[in-house]
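Structure first, commentary second.
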Amino acid sequence: MEIFKYKNYEEVSKASAAIVIREMMMNPELILGLATGTSPIGLYKNLIEAYNNHLISFKNVKTFNLDEYVGIDKFHPQSYYSFMYENLFKHVDINEKNINIPSNDMNNIEQLAAEYNTKMFGNQRDLQILGIGQNGHIGFNEPGSQLSNQTFVVKLDEQTRIDNSRFFSSLEEVPTHAITMGIRNIMYSKKILLIASGKSKADAVYKMVYGPITETLPASILQLHPNITIIIDEDAASMLHMESNHLKF
Ligand code: F6R
């Protein structure tokens, strides 16, 4: 594990984007795992800027998103499909056929989850971007989910629904279920880049780094990944007592 601490969200966004840009420059056919939520929005803005400055192209990049809500339409403004188009895809030259987002069609969701899973094992991610929930979830692997899970349909934790209700007009509107990569899919990526900012993440970040590896804090499994970089701001790092801005285990 390698941890880099930056002053604020803006710096976290720049530093994490620099890593993705470097990977894309080195490998134009990068297989990239993507996250949604507030954490990567700044990173995606920096990627769009790098694309506009002709530093990178998405033409031959393949993407796999971590998760999608179940029970809302794909085109709902708060679906992760819409999120990705709004915050990244519509601004760059990505080829639609290279975009992979878990399908949330309730008619055959189990089969769709299995298909997504199989596709991911044939497309090992070179780099997986992650955020972390206040409860220590990664993707939508909520506390208590088995660490051996592959892509599955999950009942969302109440804390997650409350956290994400900021994007909906009421808590009732937040979906109760989602389809998500399992921990096993996440661990099956060559490199992982996790970003976190804000005081509300400090406890989960501390437990992810120093806590026991346990289903009650799914992100703790990342201690076992051989190549993970964590980019956090001062607030998210506040419980780590870092003496310098860099920690390596
Ligand atoms: C999003 C995802 C989640 C988020 C996490 C943090 O695709 O899988 O694990 O990364 O909930 O969300 P934000 O960044 O909104 O605090």
In the stretch 197-217, anything in a loop (DSSP other than H, G, I, E, B) and touching a helix residue (DSSP H, G or I) at 6+ places or on another chain (Cβ under 8 Å) is listed as SER197, GLY198, GLY211, PRO212, ILE213
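Does any residue of the stretch 196-218 turn out to be modelled with pLDDT of 95 or more, aliphatic (A, V, I, L, M), touching an Asp or Glu at 6+ places or on another chain (Cβ under 9 Å) and under 24 Å from ILE101 (Cβ atoms)?
Taking every residue of the stretch 196-218 in turn, at least one turns out to be modelled with pLDDT of 95 or more, aliphatic (A, V, I, L, M), touching an Asp or Glu at 6+ places or on another chain (Cβ under 9 Å) and under 24 Å from ILE101 (Cβ atoms).
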Here the residues within the stretch 212-224 that are more than 18 Å from the chain's Cα centre (by Cα) and within 16 Å of LEU247 (Cα to Cα) are none
By residue number, the members of the stretch 137-170 that are open to solvent by 60 Å² or more (accessible area, probe 1.4 Å), more than 10 Å from the ligand (Cβ to nearest atom) and over 24 Å from PRO212 (Cβ atoms) are LYS155, ILE162, SER169
Is it the case that ILE195 is within 12 Å of the ligand (Cβ to nearest atom), closer than 16 Å to ASN135 by Cα and open to solvent by 70 Å² or more (accessible area, probe 1.4 Å)? no
Taking the stretch 119-134 and keeping residues more than 15 Å from the ligand (Cβ to nearest atom) and small (Gly, Ala, Ser) leaves GLY122
Going through the stretch 90-101 in order, the residues found to be surrounded by 17 or more Cβ atoms within 10 Å (Cβ to Cβ) and touching a helix residue (DSSP H, G or I) at 6+ places or on another chain (Cβ under 8 Å) are HIS91, VAL92, ILE99, ASN100, ILE101
Residue pairs qualifying under the 8 Å Cβ cut-off, at least six apart or on distinct chains, with the first in the stretch 98-115 being over 28 Å from ASN60 (Cα atoms) and the second being surrounded by fewer than 17 Cβ atoms within 10 Å (Cβ to Cβ) and modelled with pLDDT under 95, are MET106/GLY71
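Just for strands (runs of 3 or more DSSP E) wholly inside the stretch 1-76: which have at least 1 residues that are open to solvent by less than 20 Å² (accessible area, probe 1.4 Å) and within 15 Å of the ligand (Cβ to nearest atom)?
The strands (runs of 3 or more DSSP E) meeting that bar are 31-34, 62-65, 67-70.
The values are calculated or read from the model by the stated rules, or taken from the named source; none is laboratory data. The structure displayed is predicted, hence computed values, not measured ones. For neighbour counting, all protein chains shown are included, and Cβ atoms are generated from backbone atoms with ideal geometry for every residue, glycine included. For the accessible areas, the whole protein counts, side chains as well, though only heavy atoms, and no ligand, DNA or RNA atoms are used. Shrake-Rupley method; radii C 1.70, N 1.55, O 1.52, S 1.80 Å.
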